[in-house]
Structures are given as C-alpha cells and as structure tokens.
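Since every read-out is calculated from the coordinates, none of them should be taken as a lab result. Being a predicted model, the structure only gives us computed values, none of them experimental. Neighbour counts are summed over all protein chains in view; Cβ atoms, including those assigned to glycine, are modelled from backbone coordinates with ideal geometry.
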There are 2 protein chains.
Amino acid sequence: MGQKVFFDVMVSLDGFMAPEGMTMDHLNEPDYKHWMRKWGELTKWVFRQQFFRENLKLGSGGEAGNDNKLLEETFNRTGASIMGKRMFDAGERMWPEDAPFHTRVMVLTHQMREAWERPGGTTFVFVNDGIESALSQAQKVAGERDVRIAGGANVVQQYLNAGLVDEFTIHHTPVFFGEGVPLFSGTNDVMNLRIKRAHVSSDVTHVTYETLR
Amino acid sequence: MGQKVFFDVMVSLDGFMAPEGMTMDHLNEPDYKHWMRKWGELTKWVFRQQFFRENLKLGSGGEAGNDNKLLEETFNRTGASIMGKRMFDAGERMWPEDAPFHTRVMVLTHQMREAWERPGGTTFVFVNDGIESALSQAQKVAGERDVRIAGGANVVQQYLNAGLVDEFTIHHTPVFFGEGVPLFSGTNDVMNLRIKRAHVSSDVTHVTYETLR
C-alpha cells in the first residue's frame, strides 16, 4: 500500500469548515455571529466519542461505537501532520499542554521559530519554504504511517490542487452555517475521484474518497 | 405522515448543482468551460438507470438495483412539481415531447402564459404570484402524493429559507466543478435537521435529511 497523504475534516451541509465569525479576534466572544453554537453543532458528535475525549483530556466515558473507531483509526494511521499558521495559532490557545497529536507537526508559516516540543510527544516544526518541503519533511518522519493535512481549508486546498492528496474523508453534519470558510473553493476540476468507503451514523455521514492518478 | 414538500438534487462534491458555463447561451457549446463533461460526470449514474432511461425515452435496459429503486420511488411519490423559469426554459429544449413529469408542474415566472399540456400527462402551469401560491396550488393537485421542488438552486433556496421544505435528498457524486451554481448559498442557519436515510453506491451517495419544526 505505502504511505498515504490524506485529510479528514468536518464540514457543514453547506460546505463550510468554520462558521463566519470564528476567528482569533472573536475566540472570546462565542455569541459573535453565533459561531460557537454553529461550531458546536458541527462537532458535537466528536465530543461524545471516548477516544476524542481521552485524547483531548476532556474526561473519561463517551461512546465507543463506529464513530469512535473511525477517530481512533485516523489517529493511529497518522505519523505526522501539516497545518497552516492560523490553525496553529488557534490551537495554541485551545489545545491542552499535552497537545493532541503526539507526533511531529509541520506548521506552514513565514515566521522563523525554533521547533516547539510539547509533553506527550507532539513537536511543532515551523516550515518556511512551502508546502512541498513541509510534505517531504512530514513523509520522512512519518515512517510507515501516513501524513495528515490537518487544515485549515486553505492549506487543504493547496495540497489538493497540487495533486498531492491520495485520499480524504468528509464528515458531513446536518447543520447549515450560511456563511463561513468553505472547504472547497476553486477546486481543481479535473481530478479523478472514487468513493472508497462510507459510514452513516445517526447524525453524521463519513465518506472517504480516493484520488486516482 | 401526510403530504410532504421535498427536493431531490444531484450535487458535485464542492456543492454545485450546475457547472459554470451551463447556461442557455451555451447549451449548444458543450466544450464551453467543459460544462458538458462536468455535467456528464455528475449525472452519469442516473443515465445508467432503467427507470430514468424509460422515463426520458432514452431506450430500454439499464441498471435495476438500489439506485434505480430510489429514482422510481422519488418519481412515484411526486404528485406535482415546482420549478423556476430558467429550469423550464432549458428543459423545454431538452425534454422529449412527452415531458418526464406526468403530473402538473408549476413554473415560477413573471411571464403570463396559458397552461401548456404535453402528451403523457404533464401540464405546465405558469404561476405569477410567488412561491407560496405555487406551493398551495401544487399541494391541491398533488392529492395524496408529495410536492417536489424540482429546482433550480435559487428556487430550492427560496423554499428552504422560507421554512417550507419537509425533507430533501442530496446525491453527491465525487466530481469537482470548481465554479458553478451552488446548491446552498446564504442558507438559513437555524434550521433543525436530521439524517433520515442514507444509501451509498459505487459512485454516488444518497442522503435524505428532514427538517424538524
């Protein structure tokens, strides 16, 4: 099979990864454009899962069915992640000390910064020379495991349009955001895609697509 | 149970009902922005189905599995349809004489025009006084059966945002359009939705959502 490059994202039914108003400026204003309510509806299925709760130190308990298994598999296959600077900046404020990756994470940025090691095995490495460099660094450290393009939407779009993504999973929750950050925007329209796998739960659909070369 | 108002649409993975360039001006130029190739990829699953082929007089044969059953059920439940003028104008050029509805079809338009009866039981009725009037006329003639909001995207959005839709089915095909007519745009973000039913075939996902009041 070999090492894969993938992304795995939660998306509103109208195609947004984040609601309007969910930006660094308004992280402390959950009522601003109701971003917190919307984000909560999008992600509530994941906050119920045992694996997610343990990994983010949210407490024990939680569901242990198919949805949980999917999350655990996604975590276990990931040998390194790549994310944009805005996602990192938000995460830096939101993640626990013991950040939930437990692997090397490449952060795409123009900022020069030393690698930042966290308890629990996560090390953030700041990459200044573009998406392909970040990917080859991630592939090296991921070993036998896969490389996850963690987000945000713009970073996902860059890798997808560059033809560097092997497969991706979309978790669609039945909620409308109205406005926000679209997952897909001006996406390369000549990709050859196939449905690889699909699961449906009571309140989320999980569909994995693979790109054929 | 009672009579329902629904829509049932095919959508690209990036959320478009129609690719850029697929307009009346370019119907005879299939290479214009590759609209025909994209549209073909979106709809190829449906052109393979026995029921669809028979109903559009495309010839006998075709698949008779789950996808076919879904199409047949959707047709059979529909007692009347509502569509926008642009969809009607395109259809007037594309449908066979014996138009594929076989019921009353309300066409939303500012144009005054006599009802237009087609062989096979389809009658187009031109409604000039808005979406609620069209809906109540459709509900009257649909009898025990349901009312389908046939499209296009703008008409679907109007009914959805007015809170007049009971359920809807999205057929997602793994194709990207890049640009086009989005199904959802500025959608009312306080709707309460639930997944009602989902099927996955080899190259399309069918998910039905219901709106809770």
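Observations
- Test: residue in the range B:93-109 that is part of a helix (DSSP H, G or I) and surrounded by fewer than 19 Cβ atoms within 10 Å (Cβ to Cβ): yes
- For the range B:156-194, filtering for residues that are β-branched (Val, Ile, Thr) and under 14 Å from B:Phe6 (Cα atoms) leaves 4.
- Put simply, of B:Lys57, B:Lys38, B:Lys4, B:Lys69 the only residue that is surrounded by 20 or more Cβ atoms within 10 Å (Cβ to Cβ), under 19 Å from the mean Cα position of the chain (by Cα) and among the basic types (Lys, Arg) is B:Lys38.
- For the residues A:Ala138, A:Ala198, A:Ala153, A:Ala134, the requirement of being crowded, with 16+ Cβ neighbours inside 10 Å and at the interface with chain B (Cβ under 10 Å from one of its Cβ atoms) singles out A:Ala198.
- Among residues of the range A:166-198, those that are farther than 25 Å from B:Val181 by Cα and touching a Lys or Arg at 6+ places or on another chain (Cβ under 9 Å), counted: 2
- Flag for B:Gly186 being in contact (Cβ under 8 Å) with a residue 12 or more places away in the chain, within 8 Å of another protein chain (Cβ to nearest Cβ) and more than 23 Å from A:Asp189 (Cβ to Cβ): yes
- Extreme residue, nearest to the chain's Cα centre (by Cα), among residues of the range A:157-183 that are within 12 Å of chain B (Cβ to nearest Cβ) and aromatic (Phe, Trp, Tyr): A:Phe168
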